[in-house]
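Asker: Shown below is the structure under consideration.
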Amino acid sequence: MKNDKNIALEFNEFSKNYTNDMIRCVPRYLDLVSSFGKYFPAGFKPEKILDLGCGNGNTTAQLLAQFPDAAYTLVDASKEMLEICRNQFQDFDMSYSNSYFEEFQFEHNQYDLITAGLSLHHCRNKERQIVFSKIHSSLRESGIFAYSDLMISKTNPDHPALLQEWGAYVNSNFPDGEKWAWVMDHYATFDNPTDYKLQLKWLNNAGFSSIEIPFRDGYWIYLQAEK
Ligand SMILES: C[S@@+](CC[C@H](N)C(=O)[O-])C[C@H]1O[C@@H](n2cnc3c(N)ncnc32)[C@H](O)[C@@H]1O
């Protein structure tokens, strides 16, 4: 898909100052990242982990602190993002896939944990539902799918207020307004956030039974679903 092809280029460019930009452009970014690992059931010790849309590795790094011996598979459309991961995770059991989610082979019954930090809102609704089903099939019994995202659709009546608050946050960090203009351009071109209530339905349809939202600030949400 044309839009998807551009995601790789967009994030190649974004990778240059990614973490600093995310902290100052995404409200509660650090809370969303640190949620990965905070809310797993006691005794949960995944051996195989898949990180979808790993970016420069912030979610993976969070998991490594708790699960240094697990085998990780990192997927991202952006070559540059994966290169940053390769450089920083040399001492760990990692494999990499430079692919789009729709091309990635989700093998059946493989992983104990599948994560996606702020990456699934790039998928169209139909693709997201297919990805949820593939994730469910790719998890082992009692495996966990954990993801964070902006979970409000652009047609939700609360969306204008969200944009206003979000813009105030970005402009407080970048007062000249240029960054907010860039964020809105990126948002219009690449982002397709969906209401969390609809996503709960899709997760149910995919076969997940136990679903919880351990952290949220407005529509910035971290969600966990157990197979
Ligand atoms: C906003 S970043 C999130 C990175 C990291 N997980 C984090 O929490 O900071 C989204 C990442 O997902 C990747 N991505 C977006 N859509 C994708 C798709 N359809 N297939 C593969 N990677 C995708 C982008 O290249 C980018 O690196």
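Asker: Across region 39-51, what is the number of residues that are touching a residue at least 24 places away in the same chain (Cβ under 8 Å) and either of a type in the set (Gly, Ala, Ser) or within 23 Å of residue 20 (Cβ to Cβ) (or both)?
Answerer: So the count comes out to 1.
Asker: Continuing with the same structure: What do you reckon, is residue 213 over 20 Å from residue 25 (Cα atoms), part of a strand (DSSP E or B), at pLDDT 95 or above and within 20 Å of the chain's Cα centre (by Cα)?
Answerer: Yes.
Asker: Can we say residue 204 is in contact (Cβ under 8 Å) with a residue 60 or more places away in the chain and not aliphatic (A, V, I, L, M)?
Answerer: no
Residues are listed down the side, and each one gets a yes or a no for (1) in contact with a strand residue (DSSP E or B) (Cβ under 6 Å, 6 or more places away or on another chain); (2) within 25 Å of residue 40 (Cβ to Cβ); (3) surrounded by 14 or more Cβ atoms within 10 Å (Cβ to Cβ):
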| site | (1), (2), (3) |
| --- | --- |
| 68 | no, yes, no |
| 73 | yes, yes, yes |
| 78 | no, no, yes |
| 82 | yes, no, yes |
| 85 | yes, yes, yes |
| 90 | no, no, no |
| 96 | yes, yes, yes |
| 105 | no, no, no |
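To keep it simple, each residue is scored yes or no on (1) buried (at least 19 other Cβ atoms within 10 Å of the Cβ); (2) more than 17 Å from the chain's Cα centre (by Cα); (3) closer than 19 Å to residue 99 by Cα; (4) of a type in the set (A, V, I, L, M, F, W, C).
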residue	(1), (2), (3), (4)
16	no, yes, no, no
24	no, yes, no, no
33	yes, no, no, yes
36	yes, no, no, yes
39	no, no, no, no
42	no, yes, no, yes
47	no, yes, no, no
50	yes, no, yes, yes
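Asker: Under the condition of being among the hydrophobic types (A, V, I, L, M, F, W, C), assigned to a helix (DSSP H, G or I) and within 15 Å of the ligand (Cβ to nearest atom), which residue from region 129-169 is surrounded by the most Cβ atoms within 10 Å (Cβ to Cβ)?
Answerer: Checked region 129-169; the qualifying residue surrounded by the most Cβ atoms within 10 Å (Cβ to Cβ) is 135.
Asker: Counting only residues that are part of a loop (DSSP other than H, G, I, E, B) and more than 12 Å from the chain's Cα centre (by Cα), which one in region 110-128 is surrounded by the most Cβ atoms within 10 Å (Cβ to Cβ)?
Answerer: Filtering first and then ranking leaves 110.
Asker: For region 173-205, which positions are assigned to a helix (DSSP H, G or I) and touching a strand residue (DSSP E or B) at 6+ places or on another chain (Cβ under 7 Å)?
Answerer: Those that are assigned to a helix (DSSP H, G or I) and touching a strand residue (DSSP E or B) at 6+ places or on another chain (Cβ under 7 Å): 196, 200, 203.
Asker: I'm trying to understand the selection: among the residues of region 188-227, which are of a type in the set (Ser, Thr, Tyr) and out of contact with any Phe, Trp or Tyr (no Cβ under 9 Å at 6 or more places or on another chain)?
Answerer: 189, 209, 210
Asker: Now a separate question. Please count how many residues of region 110-122 are near the ligand (Cβ under 7 Å from one of its atoms) and either out of contact with any Ser or Thr (no Cβ under 9 Å at 6 or more places or on another chain) or not hydrophobic (A, V, I, L, M, F, W, C) (or both).
Answerer: 3
The values are calculated or read from the model by the stated rules, or taken from the named source; none is laboratory data. None of the values given here were measured: they were computed from a predicted structure. Quick reminder, even Gly has a Cβ in these numbers, built from the backbone with ideal geometry, and neighbours come from all protein chains shown.
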